[in-house]
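The values are calculated or read from the model by the stated rules, or taken from the named source; none is laboratory data. Note that the coordinates shown come from a computational prediction; the quantities given were computed from them, not determined experimentally. Neighbour counts are summed over all protein chains in view; Cβ atoms, including those assigned to glycine, are modelled from backbone coordinates with ideal geometry. For accessibility, only protein heavy atoms count, side chains too; no ligands or nucleic acids. Shrake-Rupley method; radii C 1.70, N 1.55, O 1.52, S 1.80 Å.
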Amino acid sequence: MAYLALYRVWRPQRFQEVVGQEQTVTALQNSVREGRLTHAYLFAGPRGTGKTSLAKILAKAVNCENQHDGEPCNICRSCQDIDNGSFMDVIEIDAASNRGIDEIRDLREKVRILPAQGKKKVYIIDEVHMLTTEAFNALLKTLEEPPESVIFILATTEIHKIPSTILSRCQKYNFRRLNLTQINCRLQEVARADGIEFEEEALALIARRANGGMRDALGMLDQLYAYHAGRIGWEDVLEVLGLVDDLLVARLIEAVIADKSAEIIAMLSVALNQGKEAAQLARETALYLRDMLLFKSVGEQAEMVMAGEQSLPLMKQQGSSLTKEQI
């Protein structure tokens, strides 16, 4: 059997397995259970936060033969076919590569056809903001007069690019970035289930660098496991992902504050000779300064992206000696 990436293996299969989107999950599950489904949904939020996964769960729930309490059974033929991608009435469209008016006109013709296998025909249009203006206008006509047997689920990472005429005809759900605890707990669960040995600091570092996206976090863990079949450590994460040590960045900023040019040049030289990319080093430094500014603004409530246990005390000390404008 072909190897599947961790984020695909661990994709949620039920509403209750979705991490970090509790309000959206509750609303959708209640709608399924009580038969109050609308004809069009818009899922908006950062990448890797569960938009497509939740769209597929909703598609399964409305077509499930043994639905219980709004949850799909994942056992019946409909659920299994949707999971396998062979269910004729769940159609996934990537708007990035099918963005023209011809594709949407074709869709408009096909929505009139009654479901072939299930109870509802579900169209999942990913990255819907990529559609052209003409394509949006064509889609609008379908959303204005939708057949009863069709549900549209539009997913986007850039909701500001969606025309207001489309927004007003959809039930909108905002997906938020996952916090460090949610990502870390999921990573530990996945690692233990797959027999991956790890150091706590390594997974904490992955969680911080995932920037709120579960898919990115699982992708990083998958990459590390492929490289290092043994125990995954903090140093492995830095090496494989090409990241810069947060303590190095902290010391670099310390040298900048002290205006020690020779020391700055020497530290940069060491980092570049170790194979670190200059652009990556600049990004990591910006993230460190972002953490410092956030900590100076809200204190211990700040959620760190770059600063870890080793660099945190130094970052706090540096922040106290600088103004927000200087940072």
Within region 135-152, is even one residue of a type in the set (A, V, I, L, M, F, W, C), touching a Leu at 6+ places or on another chain (Cβ under 8 Å) and closer than 15 Å to F43 by Cβ? yes
All but one of (1) within 22 Å of K119 (Cα to Cα); (2) in contact with a strand residue (DSSP E or B) (Cβ under 6 Å, 6 or more places away or on another chain) hold for T24; state the number of the condition that does not hold. (1)
Mind checking whether some residue in region 207-221 is outside any helix (DSSP H, G or I), closer than 24 Å to A61 by Cβ, touching a helix residue (DSSP H, G or I) at 6+ places or on another chain (Cβ under 8 Å) and hydrophobic (A, V, I, L, M, F, W, C)? no
Which of the residues belonging to region 213-247 are open to solvent by 10 Å² or more (accessible area, probe 1.4 Å) and in contact with a Ser or Thr (Cβ under 9 Å, 6 or more places away or on another chain)? M214, R215, D245, L247
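Do you know which of the residues in region 148-165 that are surrounded by 14 or more Cβ atoms within 10 Å (Cβ to Cβ) and without any contact (Cβ under 8 Å) to a residue 60 or more places away in the chain is farthest from N63 (Cα to Cα)?
Looking only at region 148-165, we keep the residues that are surrounded by 14 or more Cβ atoms within 10 Å (Cβ to Cβ), and these are 149-157, 159, 162-163.
Among the residues that remain, those that are also without any contact (Cβ under 8 Å) to a residue 60 or more places away in the chain are: 149, 163.
Values: S149: 11, P163: 30 Å.
Ranking the candidates gives P163 first.
Could you pull out the residue among K276, K316, K296 that is assigned to a loop (DSSP other than H, G, I, E, B) and not acidic (D, E)? First the steps, then the outcome.
Details: K316 fails: assigned to a loop (DSSP other than H, G, I, E, B); K296 fails: assigned to a loop (DSSP other than H, G, I, E, B).
Sole residue among the options that is assigned to a loop (DSSP other than H, G, I, E, B) and not acidic (D, E): K276.
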How do the pairs read when you match residues in region 264-287 that are farther than 16 Å from R251 by Cβ with residues anywhere that are open to solvent by 60 Å² or more (accessible area, probe 1.4 Å), using Cβ under 7 Å and keeping only pairs 6 or more apart or on different chains? A278/L272
Those residues of region 76-103 which are in a helix (DSSP H, G or I) and either of a type in the set (G, A, S) or at pLDDT 85 or above (or both), in sequence order: R77, S78, C79, Q80, D81, I82, D83, N84
Of all residues in region 166-203, count the ones that are assigned to a helix (DSSP H, G or I) and crowded, with 18+ Cβ neighbours inside 10 Å. 9
Within region 19-50, which residues are in a helix (DSSP H, G or I) and either open to solvent by less than 20 Å² (accessible area, probe 1.4 Å) or of a type outside the set (D, E, K, R) (or both)? Q23, T24, V25, T26, A27, L28, Q29, N30, S31, V32
Given E127, E134, which one is under 17 Å from I159 (Cβ atoms), open to solvent by 20 Å² or more (accessible area, probe 1.4 Å) and either in contact with a Phe, Trp or Tyr (Cβ under 9 Å, 6 or more places away or on another chain) or of a type in the set (D, E, K, R) (or both)? E127
Out of curiosity, is I93 of a type in the set (A, V, I, L, M) and within 25 Å of the chain's Cα centre (by Cα)? yes
